[in-house]
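See structure below.
The values are calculated or read from the model by the stated rules, or taken from the named source; none is laboratory data. Quick caveat, the model's predicted, so the values are computed rather than measured. Please note: Cβ atoms are built from the backbone with ideal geometry, for glycine as well, and neighbour counts cover all protein chains shown. For accessibility, only protein heavy atoms count, side chains too; no ligands or nucleic acids. Shrake-Rupley method; radii C 1.70, N 1.55, O 1.52, S 1.80 Å.
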Amino acid sequence: MSVGVGVLVSGSGTNLQALIDAAATPGYPAHIGVVISSRRDVQALDRARAAGIPAVWMTPRQHDSRQAYEQALTSELQRHSVEWVALAGFMRLLGKDFLEAWPERVLNIHPALLPAFPGLDAQGQAFEHGVRISGATVHLVDEGTDTGPILVQGAVPVLPEDDRDSLQQRILAMEHKIYPKALRWAVEGRLRRTGRTIEIDLPEGEQTWIMEPA
Ligand code: GRF
């Protein structure tokens with residue numbers, strides 16, 4: 001039985017596309033039940049429609065409070081019978097009420113090796129800092145900014161000829177590899193939270209990290 005996942009987006013939706021493509025491969029245990037965007041005319045919504053997935057625009061401005069917005073998000077997700085929520089470039093912080101409605105069921109992808117460089121423009125922060133390795137992280141969402149327990153990380157080198165854009169592209173390509181992998185394990189029920197960390201009952205031969213050769 002395939003598990004329904006709701007994907008929350010705000011932008012170009014390349015990670016959404018990676019999840020859509022993964023879900024279309026035989027045997028993948030999840031399908032995307034609905035895509036909700038906090039912004040109106042974004043490519044992510046076009047990608048959802050092109051894949052035949054319900055595409056919904058819901059902005060906080062349509063609601064009186066953050067709580068009301070998050071309640072509306074939850075209702076919409078429930079209407080589509082999803083069991084997990086994947087944030088993919090969703091530019092809003094989610095509060096207590098939302099997270100309590102989806103306990104340990106919300107994943108996020110962040111374009112840095114957390115806990116380094118949380119928050120906005122992680123790739124730019126890493127580039128400015130002069131790190132030699134960066135990457136991406138899939139983690140469970142908690143109330144902090146990019147602070148939740150880590151599922152999978154992918155590392156990429158920072159090359160001497162890089163600028164912020166080329167680094168961002170290399171990290172993005174890694175994001176597209178690790179998000180479908182992490183989502184698969186999540187919906188297969190392989191995660192076990194032990195305090196700050198997550199144990200994963202890994203399928204044979206798989207790892208919780210990817211290292212990209214230079
Ligand atoms: C990605 O870099 C993701 O890690 C970050 O926002 C960006 C979204 O890109 N949270 P896209 O919309 O998936 O192309």
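Just a few scattered comments:
- Any hit, the range 35-49, residues being more than 13 Å from the ligand (Cβ to nearest atom) and among the aliphatic types (A, V, I, L, M): yes
- Qualifying residue in the range 8-25 (condition: more than 19 Å from Val187 (Cα to Cα), open to solvent by 50 Å² or more (accessible area, probe 1.4 Å) and part of a loop (DSSP other than H, G, I, E, B)): yes
- Matching residues, the range 84-98, being within 15 Å of the chain's Cα centre (by Cα), surrounded by 15 or more Cβ atoms within 10 Å (Cβ to Cβ) and either of a type outside the set (Lys, Arg) or at pLDDT 95 or above (or both): Trp84, Val85, Ala86, Leu87, Ala88, Gly89, Phe90, Leu94
- Which numbered condition Val131 misses (of (1) touching a Leu at 6+ places or on another chain (Cβ under 9 Å); (2) touching a residue at least 24 places away in the same chain (Cβ under 8 Å); (3) within 15 Å of the ligand (Cβ to nearest atom)): (3)
- Selected residue (only one of Leu120, Leu113 is farther than 17 Å from Leu87 by Cβ, open to solvent by 30 Å² or more (accessible area, probe 1.4 Å) and under 15 Å from the mean Cα position of the chain (by Cα)): Leu113
- In the range 141-152, the residues that are open to solvent by less than 10 Å² (accessible area, probe 1.4 Å) and assigned to a strand (DSSP E or B): Leu151, Val152
- Residue within the range 125-137 that is under 16 Å from Arg196 (Cβ atoms), modelled with pLDDT of 95 or more and within 14 Å of the chain's Cα centre (by Cα) present: yes
- Within the option set Ala155, Ala173, Ala126, being closer than 28 Å to Ser2 by Cα and either of a type outside the set (D, E, K, R) or assigned to a helix (DSSP H, G or I) (or both) holds for one residue only, Ala173.
- Tallying residues that are out of contact with any helix residue (DSSP H, G or I) (no Cβ under 6 Å at 6 or more places or on another chain), open to solvent by less than 40 Å² (accessible area, probe 1.4 Å) and more than 16 Å from the ligand (Cβ to nearest atom) within the range 163-214 yields 5.
- Meets criteria (away from the ligand (no atom under 11 Å from the Cβ) and either touching a residue at least 40 places away in the same chain (Cβ under 8 Å) or part of a loop (DSSP other than H, G, I, E, B) (or both)) for Leu87: no
- Annotation note: of Ala44, Ala68, Ala48, the sole residue that is part of a helix (DSSP H, G or I) and either open to solvent by 20 Å² or more (accessible area, probe 1.4 Å) or of a type in the set (Asp, Glu) (or both) is Ala68.
- Look at the range 91-120: where a residue is more than 11 Å from the ligand (Cβ to nearest atom) and among the charged types (D, E, K, R) and a partner is in a strand (DSSP E or B) and open to solvent by less than 80 Å² (accessible area, probe 1.4 Å), sitting 6+ places away or on another chain with Cβ atoms under 7 Å, you get Glu104/Leu140; Arg105/Trp84; Arg105/Val85.
- Qualifying residue in the range 159-180 (condition: without any contact (Cβ under 8 Å) to a residue 60 or more places away in the chain and under 23 Å from Leu94 (Cα atoms)): no
- Candidates Val34, Val56, filtered to the one that is modelled with pLDDT of 95 or more and crowded, with 20+ Cβ neighbours inside 10 Å: Val34
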